[in-house]
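Here is the structure we will look at, set down as C-alpha cells.
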Amino acid sequence: MENLMDKLVALCKTRGIIFPGSDIYGGMGNTWDYGPIGVEIKNNIKRAWWKQFVQCAPNTFGVDAAILMNSRVWEASGHVSSFSDPKMDCKVCKSRSRADELIEEFCEKNDLSMDVEGMSNESMQDFINAHQIKCPKCGNFSWTPIRQFNLMFETSRGVTDDNQNKIYLRPETAQGEYVNFLNIQRSMRAKVPFGIAQIGKAFRNEVTPGNFIFRTIEFEQMEHQWFCKEGTDMDYYNEFKQKAFDFLLSLGFKAEHLRFHDHEKLAHYAKCACDIQYLYPMGWSELNGIHNRTNFDLSAHEKFSGKSMSYLDPFTGERYVPYVIEYSIGADRLMLAVLCEAYDEEIVDGETRVVLHLHPSIAPYKVAVLPLQKNLSSKAQEVKDMLSRDFMCVYDDAGSIGKRYRRYDEIGVPYCITIDFDTLEDDTVTIRDRDTMQQIRLKISELKNYLSDKVNL
Ligand SMILES: [Zn+2]
C-alpha cells in the first residue's frame, strides 16, 4: 500500500495509539509515547509472547533485572570496548552521520558491491573522499574525521561526576539473564537445558533515522536465553528459529511477509546467527534475531566476576560452561510489524473503511458496547460492566451506529455489541464481527464464553 507508514503514523496519533515523545515541546528525535490504545496493544503483544515462551514453554523462568548494572558487566560483555559506530559531523549543518551507512547508501545507488562491515575507519574515510559523498541533510561535502562513538548512554551515580561513578543504561537485556544464571539455577533447582526470559527496556544512543518505532533510542526487548550443552546447541538453535517463526504466524502474520536471513558477518560472540525479516513499508528489515552465542557470555562473566559459571551435570558428573541460544525480538518493532500487517482500507457501500485486522488476542479492546439509542444506556452500561471483569471493553453512545462501527474498526476492536429495544425484552444483543461485518444475536449470558473462545491466543 502506498504511503502506508505515513498513514500509520497519522492514525496512531489521532487514535491514541502512539504519540511523538515530548510532543508539546516539538518532540525529541526517535522517541515515542504509547497512548491509551497503544499501551493495550503493546501489553497484549508482550503477554502473548510471555505465554508462548514462558507459560507454555518447558523449563523456562522469567526475570526482571535492573536496567542499571555494575559497569564491569559491560566490560565483560565487550560493550565498553567495541559497541560503537563510526560517525562524522557535517561542518556546515552540524548533523551527524554514520560513515558506514553513507557508504552503503552510496553503493546501493550506484550499484557497487562493497563489504562495508569489514572496512577500517581509514578505508571508509578514503572511500568517502574519493567519491565525494555528500551530507544527506544539506548536500555539502565538508566532514570532520571519522570518530568512534559508543552507543551506550552514560550517566553517573551519586553527586561527584568522575569516571569512578560512571554507569550505563543497558544496551541489551540479555546480560540481566547471564548474571542471574547461578541464582536461577540454585533457587529454581534448574537443570540444563533451561531457559531464562525477560521483557525490558534497553537504550542505544543511535543517530540513525528511525522509521517510526522501528529504530528508537529507547526500546523494549523480549528475549529468551536457552542454556544448553555444547553439541546440542545447533538443534536448539534450529528449534528456536522455528518457534520464533511459528509465534509470528500465530499472531496472524502472512508467511510470505516473513523470511529468514542468515548472517554472514557474525558478532564476536556468535557461532551462527539469523534474523527473521518482515516486509515493512520501507522494505525487508529485521524483526527478530536468533543467535548461537556459544559459551562466550558465561565464560566472560566467569573471568570478570571470578565466580565459576560451570554447571555440574547431576546425572553424568560432567562439568561444563553451558552454551546459550538467544532469541530476541523488539516489542516496539513487533508492534510496528503488527500494525503494518493489520492495516487495511476497504470499500464498503461506496466509502473507504479503515480497519486494523488485529488478532483478537492483541486487540486493544475486545468489545465495544454500543446502545442503539441513548435511552438504552443503562442496560448497555450494565453489559459493559459485566464484561469488563474479563475483557477490556469500551462504551460509546455518541454518533450514528455506522460511525461508531468505523471508529472501532480503525483501532482493531474485533467485536461490537449493540443493545437495542429487543434487549430489554429478551436479554439478547447483536454481536458484530469486525472482519466479516456479519452480526449474530446472542443471549447476554452467553457472551462471556463466546468471547473467551475468540480472544484467546
Ligand atoms: Zn550537512
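Can you confirm whether Pro371 is touching a helix residue (DSSP H, G or I) at 6+ places or on another chain (Cβ under 7 Å) and either in contact (Cβ under 8 Å) with a residue 12 or more places away in the chain or crowded, with 22+ Cβ neighbours inside 10 Å (or both)? In short, yes. Do we have Asp23 as of a type in the set (D, E, K, R) and free of Cβ contacts under 8 Å to residues at least 40 places away in the same chain here? Spelling it out, Asp23 is indeed of a type in the set (D, E, K, R) and free of Cβ contacts under 8 Å to residues at least 40 places away in the same chain. Look through region 175-205, keep the residues that are touching an Asp or Glu at 6+ places or on another chain (Cβ under 6 Å) and among the aliphatic types (A, V, I, L, M), and return whichever of them is nearest to Ile217 (Cα to Cα). Across region 175-205, the extreme among qualifying residues is Ala202. If you go through region 65-92 and pick out every residue that is within 16 Å of the ligand (Cβ to nearest atom) and touching a strand residue (DSSP E or B) at 6+ places or on another chain (Cβ under 8 Å), you end up with 5. Residues that are more than 16 Å from Asp409 (Cβ to Cβ), free of Cβ contacts under 8 Å to residues at least 12 places away in the same chain and in a strand (DSSP E or B) within region 317-347 comprise just one, Arg319. The lone criterion from (1) closer than 21 Å to Lys454 by Cα; (2) aliphatic (A, V, I, L, M); (3) in a strand (DSSP E or B) left unmet by Met386 is number (3).
Can you confirm whether region 408-427 contains a residue that is assigned to a helix (DSSP H, G or I), free of Cβ contacts under 8 Å to residues at least 60 places away in the same chain, within 24 Å of Gly38 (Cα to Cα) and not assigned by TED's automatic domain parsing to the domain that holds Ile17? So far as region 408-427 goes, yes, one or more of its residues are assigned to a helix (DSSP H, G or I), free of Cβ contacts under 8 Å to residues at least 60 places away in the same chain, within 24 Å of Gly38 (Cα to Cα) and not assigned by TED's automatic domain parsing to the domain that holds Ile17.
Taking the numbered list (1) closer than 18 Å to Thr173 by Cα; (2) surrounded by fewer than 20 Cβ atoms within 10 Å (Cβ to Cβ) in turn, Gly29 passes all entries but (1). In the set (1) away from the ligand (no atom under 16 Å from the Cβ); (2) out of contact with any Gly (no Cβ under 9 Å at 6 or more places or on another chain), Ser95 fails one condition alone, (1). Taking the listed residues Gly195, Gly210, the one that is in the same structural domain as Arg293 (by TED's automatic domain parsing), of a type in the set (Gly, Ala, Ser), surrounded by 14 or more Cβ atoms within 10 Å (Cβ to Cβ) and in contact with a strand residue (DSSP E or B) (Cβ under 7 Å, 6 or more places away or on another chain) is Gly195, with no other qualifying. Exactly one residue among Arg170, Arg204, Arg147, Arg189 is away from the ligand (no atom under 16 Å from the Cβ), surrounded by fewer than 13 Cβ atoms within 10 Å (Cβ to Cβ) and charged (D, E, K, R), and that residue is Arg189. Just wondering, is there one or more residues in region 144-164 that are assigned by TED's automatic domain parsing to the domain that holds Asn205 and assigned to a helix (DSSP H, G or I)? The answer is yes, given that some residue of region 144-164 is assigned by TED's automatic domain parsing to the domain that holds Asn205 and assigned to a helix (DSSP H, G or I). Can you tell me which residue within region 1-15, out of those that are modelled with pLDDT of 95 or more and in contact with a strand residue (DSSP E or B) (Cβ under 9 Å, 6 or more places away or on another chain), is farthest from Met282 (Cα to Cα)? Within region 1-15, the match that is farthest from Met282 (Cα to Cα) is Lys13. A count restricted to region 260-316 and to residues that are of a type in the set (Gly, Ala, Ser) and in a strand (DSSP E or B) stands at 4.
Exactly one residue among Ser378, Ser310, Ser285, Ser299 is in the same structural domain as Gln439 (by TED's automatic domain parsing) and of a type in the set (Gly, Ala, Ser), and that residue is Ser378.
Take the conditions within 16 Å of the ligand (Cβ to nearest atom), within 33 Å of the chain's Cα centre (by Cα) and either of a type in the set (Phe, Trp, Tyr) or exposed (fewer than 14 other Cβ atoms within 10 Å of the Cβ) (or both) and apply them to Phe106. Does it pass? Yes. Considering Ala130, Ala174, which residue is among the small types (Gly, Ala, Ser) and either touching a Cys at 6+ places or on another chain (Cβ under 9 Å) or not assigned by TED's automatic domain parsing to the domain that holds Ser95 (or both)? Selected residue: Ala174, the only one of Ala130, Ala174 that is among the small types (Gly, Ala, Ser) and either touching a Cys at 6+ places or on another chain (Cβ under 9 Å) or not assigned by TED's automatic domain parsing to the domain that holds Ser95 (or both).
The values are calculated or read from the model by the stated rules, or taken from the named source; none is laboratory data. Quantities reported herein were computed from a predicted structural model and do not represent experimental measurements. Using ideal geometry, Cβ is built from the backbone for each residue, glycine included, and neighbour counts are taken over all protein chains shown.
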